[in-house]
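Engineer: Below you will find the structure I want to go over with you.
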Amino acid sequence: MNKQILNKQILLSKTGILMILAALLFSCKLEAQLSIPKPNPGPYSAYLFAYFTGNRIDQEAVHYAISADGYNYLALNNNKPVLNSSEISSTGGVRDPHILRGEDGKTFYMVLTDMVSAKGWSSNRAMVLLKSTDLINWQSSVVNIQQKYPNQENLLRVWAPQTIYDKEAGKYMIYWSMMHSGGPDIIYYAYANEEFTDIEGEPKQLFFPANGRSCIDGDIIWKDGVYHMFYKTEGHGNGIKHASTKSLSSGQWTESDDYKQQTREAVEGSSVFRHLADNKYILMYDVYMKGSYQFTESSDLENFKVIDEAISMNFHPRHGSIIPITRAELKSLMDKWGRPEGFPALKGNAVLDGFYADPDVLYSEKTGKYYIYPTSDGFDGWGGTYFKTFSSDDLLNWTDEGIILNLKTDVSWADRNAWAPCIIEKKVKREYKYYYYFTAAQKIGVAVADHPTGPFVDSGKALIDFKPEGINRGQEIDPEVFFDPKSKKNYLYWGNGYLAVVELNEDMISFKENSLKVITPDRTFREGVTVFYRKGLYYFLWSENDTRDQDYRVRYGTSKSPLGPIEIPEENLVIAKDPEAGIYGTGHNSVLQIPGKDEWYIVYHRFNWPAGIHMGRAAGFHREVCIDKMEFGAEGFLLPVVPTHEGVEGL
C-alpha cells in the first residue's frame with residue numbers, strides 16, 4: 001500500500017476516534033442535563049409591575065414597582081427608570097413594557113414599543129426584545145419591521161408588543177399591532193428565535209375581528225386550555241374587548257360583544273394577571289385621559305367588577321404589565337434598588353426559596369452550620385428525581401448547596417420519586433461520616449459522604465424494599481434515622497400507613513436481622529415519623545391525613561424506649577393549619593435542638609402561600625419549608641405550635 005495513502009488512513013482513523021469521543025462526551029453532558037427535571041416555578045410571594053410614566057422623552061422608559069399583595073404598589077428606584085432607553089432602543093424612548101416569565105421558570109422576556117411620542121403617533125417602525133435571568137440585567141435587540149421586511153414603505157407604526165408561549169408551536173410568540181397607510185391597526189404575530197434577539201418568518205395576522213376595524217394593545221392570558229385576549233378597539237368605541245381561542249395561530253376567535261372596562265372614560269393598555277391569594281384575575285387598564293389606572297376583578301374573565309378601593313400606588317403608571325415573583329427575586333430587586341418606604345419586611349417563612357417539602361434538619365459538628373435536606377418539590381405527582389441541601393449559620397439565611405444525589409445518574413436501583421430524606425452525622429475513626437437515607441421508587445436507600453454537602457455515594461442497593469410481616473398496606477417511604485443517647489444504638493424508622501423500626505449495624509448501611517418491629521402508634525398515623533430524646537422521654541412525631549389535604553398535620557406520642565410502646569397524650573396535636581393566616585397543610589416535620597441548650601425548633605412544610613390553597617390536589621406537591629419555635633409544658637408535654645409567616649428570629 002502507498003505510504004501516503006496509509007498515513008491518510010491513519011489520520012482519518014484518529015480523526016474518527018476523536019469525533020466519536022467528542023460525541024460521547026457531549027452525549028454524557030447532555031444526559032446529565034436531561035437527568036435533572038425542571039420543577040414548576042415558584043412559590044410566588046410578591047408582584048412586579050413594569051410600566052412607563054408619560055409622553056415626555058424622559059418618561060418613556062421602563063420603571064418597576066413591587067407589591068406584597070397584588071393591590072398596593074410602591075415604586076422601586078424612587079420611580080426612576082431601571083433601564084436606559086437610549087441604550088436599548090433606536091429612537092431613544094420605549095413604552096408599553098410587557099414581561100413574561102419563560103417556561104423554564106427562570107428566564108424573563110420583555111418587549112417594548114421603540115418610540116418617542118414627541119415625533120408623532122405614527123413615527124415608529126420598531127420594537128425592542130429583551131431577555132434576562134434576574135429581572136435586572138437584560139440583553140436587548142431592536143427589530144425594525146420596515147428595515148427587516150420588503151414592501152413595508154407605507155408602514156406607519158408598530159405598537160405595544162407582547163409575548164406568550166404558544167404551546168402548540170413550542171415557541172414564544174410575539175404579537176403587536178401595525179398600521180399601514182390607508183388601513184386599520186391590525187394585530188400581527190411572529191415567533192421569536194431561540195436567542196430572543198429577532199423574529200422568524202413573515203409577520204402574519206393574529207386576530208381577525210368580525211367588523212374588520214382597528215385593534216391595538218392585545219394582551220393574552222392562558223386559562224383552562226383557552227387563550228383569552230383583551231384588546232382595545234382603536235377609533236371606534238375606544239374600549240376593551242375580549243376574544244378567545246384554543247389555538248393561537250388558527251385565526252379562529254370567539255368574540256364577546258360587550259366592552260370589559262368598567263368606566264366611561266377613554267382607556268387603553270389593558271393587562272391581565274392572576275391574583276395568587278384568591279385565584280381570581282385582575283384586569284387593569286390605563287385611563288389615560290385622567291392620568292389614572294383602573295383595576296377590575298373576575299373569576300371567569302368575562303364578568304368584571306371594579307376594585308379601585310383596594311388599590312394604592314405612589315406613582316402614576318402608563319401602559320404596563322404585572323407578573324408574580326418569588327421571594328428570592330423580590331429580595332434581589334430590593335438589594336439592587338432599595339426597599340421602598342412602607343414596603344413590609346420580608347417574612348421569615350418560608351425559609352427556602354422554591355418548592356421543597358419533607359425537610360430533615362441537621363446541625364453539623366464538623367462545620368458548625370445547620371443543614372436542611374428536603375424533597376425537591378414542584379413536580380407533578382411528586383415526580384422529582386434529585387435531592388439538594390441548604391446550609392445556614394443562623395436559621396434565617398439559607399444557601400443552596402446544590403444537588404447532592406441524583407437518582408438518574410447516582411443510583412442504579414431506582415430512578416424516580418425522590419422523596420423524604422434524612423441524615424445523621426457520625427464520627428468514624430476520628431473522621432466525620434454522613435449517612436443519608438432516602439426514598440426512591442417507594443424503596444429506601446442509603447448514601448454516604450465525608451461532608452454534609454456531599455458528594456454522596458449510594459450503597460448500590462435498596463436497604464428497605466419489603467413490607468413487614470403482617471403488613472399489607474402502605475408504602476416503604478419516609479425514613480428517619482435516630483441515635484439513642486442511652487443505649488448508643490442507631491435505629492431506622494419508616495413507613496406510610498404503618499410505622500416500622502430496625503436496629504442498624506455499625507456500618508450504618510445494613511440492619512440487624514430479626515430486629516424489625518412494627519410500632520404504629522394509632523389510626524392517625526399516616527407517614528413522616530421523626531424521633532428525638534429529651535429528659536428521659538422518647539418523642540415520636542408523625543403526620544396525619546394526606547399531604548394534599550389542607551388538614552395535613554402533626555401529632556405526637558412519647559415512650560420510655562426507642563422501640564415503643566408509644567403512649568398518646570389526650571391533647572397530642574403539634575401543629576395544624578391556621579386558616580386566618582392562610583396557612584394550610586402543615587406537616588412532615590423534623591425537629592432541631594440547638595446544641596447545648598433546651599431550645600427547640602420544628603421544621604416542616606406547608607402548602608405554598610398564598611396560592612396553594614387554590615391549587616386543589618396539586619398543592620400537595622407544591623409545598624414550602626418553614627421553621628417555628630417549639631416549646632414544652634409541664635411533665636414534658638409538647639405545646640401546640642402556631643404556624644407563622646414571621647418564622648424565627650435567628651440565632
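The values are calculated or read from the model by the stated rules, or taken from the named source; none is laboratory data. The model shown is predicted, which means the values in this text are computed figures rather than measured ones. Neighbour counts are summed over all protein chains in view; Cβ atoms, including those assigned to glycine, are modelled from backbone coordinates with ideal geometry. Remember, those area values only see protein heavy atoms, side chains included, never the ligands or the DNA or RNA. Shrake-Rupley method; radii C 1.70, N 1.55, O 1.52, S 1.80 Å.
Engineer: Are there any pairs, at least 6 apart or on different chains, whose C-beta atoms fall under 9 Å, with the first in segment 143-164 and under 21 Å from Gly218 (Cβ atoms) and among the polar types (S, T, N, Q) and the second open to solvent by 70 Å² or more (accessible area, probe 1.4 Å) and not in a helix (DSSP H, G or I), and if so, which?
Structural biologist: Once the first residue is under 21 Å from Gly218 (Cβ atoms) and among the polar types (S, T, N, Q) and sits in segment 143-164, its partners that are open to solvent by 70 Å² or more (accessible area, probe 1.4 Å) and not in a helix (DSSP H, G or I) give Asn144/Ser90; Gln146/Glu153.
Engineer: Return the residues of segment 137-160 that are of a type in the set (Val, Ile, Thr) and open to solvent by less than 30 Å² (accessible area, probe 1.4 Å); say none if nothing qualifies. Talk me through it step by step, then tell me what you get.
Structural biologist: Step one: of segment 137-160, the residues of a type in the set (Val, Ile, Thr) are 142-143, 145, 158.
Hits for segment 137-160 are Val143, Ile145, Val158.
Engineer: List the number of the failed condition for Asp217; all other conditions in (1) out of contact with any Gly (no Cβ under 8 Å at 6 or more places or on another chain); (2) closer than 23 Å to Pro97 by Cβ; (3) of a type in the set (Asp, Glu) hold.
Structural biologist: With (1) out of contact with any Gly (no Cβ under 8 Å at 6 or more places or on another chain); (2) closer than 23 Å to Pro97 by Cβ; (3) of a type in the set (Asp, Glu) applied to Asp217, the lone miss is (1).
Engineer: Shifting gears a bit: Go through (1) in a helix (DSSP H, G or I); (2) among the small types (Gly, Ala, Ser); (3) touching a Leu at 6+ places or on another chain (Cβ under 7 Å) one by one and return the number of the condition Ser86 breaks.
Structural biologist: Status for Ser86: all satisfied but (3).
Engineer: Restricted to segment 361-399, and to residues that are over 17 Å from the mean Cα position of the chain (by Cα) and among the hydrophobic types (A, V, I, L, M, F, W, C), which residue is farthest from Lys426 (Cα to Cα)?
Structural biologist: Looking at residues that are over 17 Å from the mean Cα position of the chain (by Cα) and among the hydrophobic types (A, V, I, L, M, F, W, C), I get Leu396.
Engineer: Then there's this: Going through segment 471-501 one residue at a time, which ones are in contact with a Pro (Cβ under 7 Å, 6 or more places away or on another chain) and either small (Gly, Ala, Ser) or open to solvent by 20 Å² or more (accessible area, probe 1.4 Å) (or both)?
Structural biologist: Once the filter is applied, which keeps residues that are in contact with a Pro (Cβ under 7 Å, 6 or more places away or on another chain) and either small (Gly, Ala, Ser) or open to solvent by 20 Å² or more (accessible area, probe 1.4 Å) (or both), segment 471-501 yields only Ala500.
Engineer: Yes or no: Asp507 assigned to a loop (DSSP other than H, G, I, E, B) and either touching a Phe, Trp or Tyr at 6+ places or on another chain (Cβ under 8 Å) or more than 18 Å from Val574 (Cβ to Cβ) (or both)?
Structural biologist: Details: assigned to a loop (DSSP other than H, G, I, E, B): yes; either touching a Phe, Trp or Tyr at 6+ places or on another chain (Cβ under 8 Å) or more than 18 Å from Val574 (Cβ to Cβ) (or both): yes.
When the stated conditions are applied, Asp507 passes them.
Yes or no, residue by residue, for (1) assigned to a strand (DSSP E or B); (2) basic (Lys, Arg); (3) modelled with pLDDT of 95 or more:
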residue: Tyr493; (1), (2), (3): yes, no, yes
residue: Tyr498; (1), (2), (3): no, no, yes
residue: Leu541; (1), (2), (3): yes, no, yes
residue: Arg548; (1), (2), (3): no, yes, yes
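Engineer: So Gly237 clears everything in (1) open to solvent by 50 Å² or more (accessible area, probe 1.4 Å); (2) at negative phi except one condition, right? Which one?
Structural biologist: Every condition holds for Gly237 apart from (2).
Engineer: Taking the stated definitions as given, is Trp600 hydrophobic (A, V, I, L, M, F, W, C), surrounded by 20 or more Cβ atoms within 10 Å (Cβ to Cβ) and out of contact with any Cys (no Cβ under 8 Å at 6 or more places or on another chain)? Quick ask: steps written out before the conclusion?
Structural biologist: Details: hydrophobic (A, V, I, L, M, F, W, C): yes; surrounded by 20 or more Cβ atoms within 10 Å (Cβ to Cβ): no; out of contact with any Cys (no Cβ under 8 Å at 6 or more places or on another chain): yes.
When the stated conditions are applied, Trp600 does not pass them.
Engineer: Hey, among Tyr172, Tyr165, which residue is open to solvent by 50 Å² or more (accessible area, probe 1.4 Å) and either under 23 Å from His319 (Cα atoms) or in contact with a helix residue (DSSP H, G or I) (Cβ under 6 Å, 6 or more places away or on another chain) (or both)?
Structural biologist: Values: Tyr172 fails: open to solvent by 50 Å² or more (accessible area, probe 1.4 Å).
Result of the check over Tyr172, Tyr165: Tyr165.
Okay, residues lined up against (1) of a type in the set (S, T, N, Q); (2) in contact with a Lys or Arg (Cβ under 6 Å, 6 or more places away or on another chain); (3) surrounded by 13 or more Cβ atoms within 10 Å (Cβ to Cβ); (4) closer than 24 Å to Arg125 by Cβ:
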{"site": "Glu200", "(1), (2), (3), (4)": "no, no, no, yes"}
{"site": "Gln205", "(1), (2), (3), (4)": "yes, no, no, yes"}
{"site": "Phe208", "(1), (2), (3), (4)": "no, no, yes, yes"}
{"site": "Asn211", "(1), (2), (3), (4)": "yes, no, no, no"}
{"site": "Ile216", "(1), (2), (3), (4)": "no, yes, yes, yes"}
{"site": "Asp219", "(1), (2), (3), (4)": "no, no, yes, yes"}
{"site": "His228", "(1), (2), (3), (4)": "no, no, yes, no"}
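Engineer: Right, something else. As an exercise: evaluate Lys106 against (1) modelled with pLDDT under 95; (2) open to solvent by less than 50 Å² (accessible area, probe 1.4 Å) and give the number of the one condition it does not meet.
Structural biologist: Result: Lys106 fails condition (2) only.
Engineer: Related question: Among the numbered criteria (1) open to solvent by less than 30 Å² (accessible area, probe 1.4 Å); (2) in contact with a Ser or Thr (Cβ under 6 Å, 6 or more places away or on another chain); (3) more than 29 Å from Val287 (Cβ to Cβ), which one does Asp185 miss?
Structural biologist: All conditions are met except number (3).
Engineer: Here is a further query. Has segment 415-436 got any residue that is surrounded by 16 or more Cβ atoms within 10 Å (Cβ to Cβ), touching a helix residue (DSSP H, G or I) at 6+ places or on another chain (Cβ under 9 Å) and aromatic (Phe, Trp, Tyr)?
Structural biologist: Within segment 415-436 (the criterion being surrounded by 16 or more Cβ atoms within 10 Å (Cβ to Cβ), touching a helix residue (DSSP H, G or I) at 6+ places or on another chain (Cβ under 9 Å) and aromatic (Phe, Trp, Tyr)), the answer is yes, since at least one residue qualifies.
Matching residues to (1) of a type in the set (Val, Ile, Thr); (2) within 26 Å of Ala46 (Cα to Cα):
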site: Glu570; (1), (2): no, no
site: Lys577; (1), (2): no, yes
site: Tyr604; (1), (2): no, yes
site: Arg617; (1), (2): no, yes
site: Glu635; (1), (2): no, no
site: Val642; (1), (2): yes, yes
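Engineer: Related question: Hey, does segment 511-519 have a residue that's surrounded by fewer than 21 Cβ atoms within 10 Å (Cβ to Cβ), of a type in the set (Ser, Thr, Tyr) and in contact (Cβ under 8 Å) with a residue 24 or more places away in the chain?
Structural biologist: No, that holds for no residue.
Engineer: Can you tell me which residue in segment 254-270 is nearest to Asp300 (Cα to Cα), limited to those that are β-branched (Val, Ile, Thr) and open to solvent by 30 Å² or more (accessible area, probe 1.4 Å)?
Structural biologist: So, considering only residues that are β-branched (Val, Ile, Thr) and open to solvent by 30 Å² or more (accessible area, probe 1.4 Å), the one nearest to Asp300 (Cα to Cα) is Thr254.
Engineer: Something else: Looking at segment 225-250 only, could you name the residues that are in a loop (DSSP other than H, G, I, E, B), at pLDDT 95 or above, over 22 Å from Asn279 (Cα atoms) and not aliphatic (A, V, I, L, M)?
Structural biologist: Scanning segment 225-250 gives Ser247, Ser249, Ser250.
Engineer: Here's a follow-up. In segment 251-310, how many are over 27 Å from the mean Cα position of the chain (by Cα) and either part of a loop (DSSP other than H, G, I, E, B) or without any contact (Cβ under 8 Å) to a residue 24 or more places away in the chain (or both)?
Structural biologist: Looking only at that region, the number is 26.
Engineer: Mind listing whichever residues of segment 313-367 are of a type in the set (S, T, N, Q), out of contact with any Ser or Thr (no Cβ under 8 Å at 6 or more places or on another chain) and farther than 26 Å from Lys106 by Cβ?
Structural biologist: Restricting attention to segment 313-367, the residues satisfying the condition of being of a type in the set (S, T, N, Q) are 314, 321, 326, 332, 349, 364, 367.
Narrowing the set further to residues that are out of contact with any Ser or Thr (no Cβ under 8 Å at 6 or more places or on another chain) leaves 314, 332, 364.
Listed by number, the residues that qualify are Asn314, Ser364.
Engineer: Continuing with this model, one more query. Restricting to segment 449-470, and then to whatever is farther than 23 Å from Val603 by Cβ and crowded, with 16+ Cβ neighbours inside 10 Å, can you tell me which residue is nearest to the chain's Cα centre (by Cα)?
Structural biologist: As a first pass, look at segment 449-470 and keep what is farther than 23 Å from Val603 by Cβ: 450, 455, 457-470.
From what is left, the residues that are crowded, with 16+ Cβ neighbours inside 10 Å are 458-459, 462-464, 467-468.
Values: Asp458: 29, Ser459: 32, Ala462: 31, Leu463: 33, Ile464: 32, Lys467: 35, Pro468: 38 Å.
Among them, the one singled out is Asp458.
Engineer: Taking strands (runs of 3 or more DSSP E) that do not extend beyond segment 330-412, which have at least 2 residues that are at pLDDT 95 or above, open to solvent by less than 30 Å² (accessible area, probe 1.4 Å) and among the hydrophobic types (A, V, I, L, M, F, W, C)?
Structural biologist: Values: elements: 356-363, 370-376, 386-392, 399-406.
By residue number, 356-363, 386-392, 399-406.
Engineer: Within segment 545-575, work out how many residues are within 27 Å of the chain's Cα centre (by Cα) and open to solvent by 20 Å² or more (accessible area, probe 1.4 Å).
Structural biologist: Taking segment 545-575 and keeping what is within 27 Å of the chain's Cα centre (by Cα), we get 545-554, 575.
Then keep just the ones that are open to solvent by 20 Å² or more (accessible area, probe 1.4 Å); that gives 545-546, 548-551, 553.
So the answer is 7.
Engineer: Within the bounds of segment 210-224, is there any residue that is within 30 Å of Asn279 (Cβ to Cβ), outside any strand (DSSP E or B) and out of contact with any strand residue (DSSP E or B) (no Cβ under 9 Å at 6 or more places or on another chain)? So that I can check it myself, show each step before the final result.
Structural biologist: Taking segment 210-224 and keeping what is within 30 Å of Asn279 (Cβ to Cβ), we get 215-224.
With the extra rule that they be outside any strand (DSSP E or B), the set shrinks to 215, 224.
Filter once more, so that each one left must be out of contact with any strand residue (DSSP E or B) (no Cβ under 9 Å at 6 or more places or on another chain): 224.
Yes, some residue in segment 210-224 is within 30 Å of Asn279 (Cβ to Cβ), outside any strand (DSSP E or B) and out of contact with any strand residue (DSSP E or B) (no Cβ under 9 Å at 6 or more places or on another chain).
Engineer: Another one. Regarding segment 116-125, can at least one residue be identified that is open to solvent by 10 Å² or more (accessible area, probe 1.4 Å), out of contact with any Pro (no Cβ under 9 Å at 6 or more places or on another chain), touching a residue at least 60 places away in the same chain (Cβ under 8 Å) and over 21 Å from Leu276 (Cβ atoms)?
Structural biologist: yes
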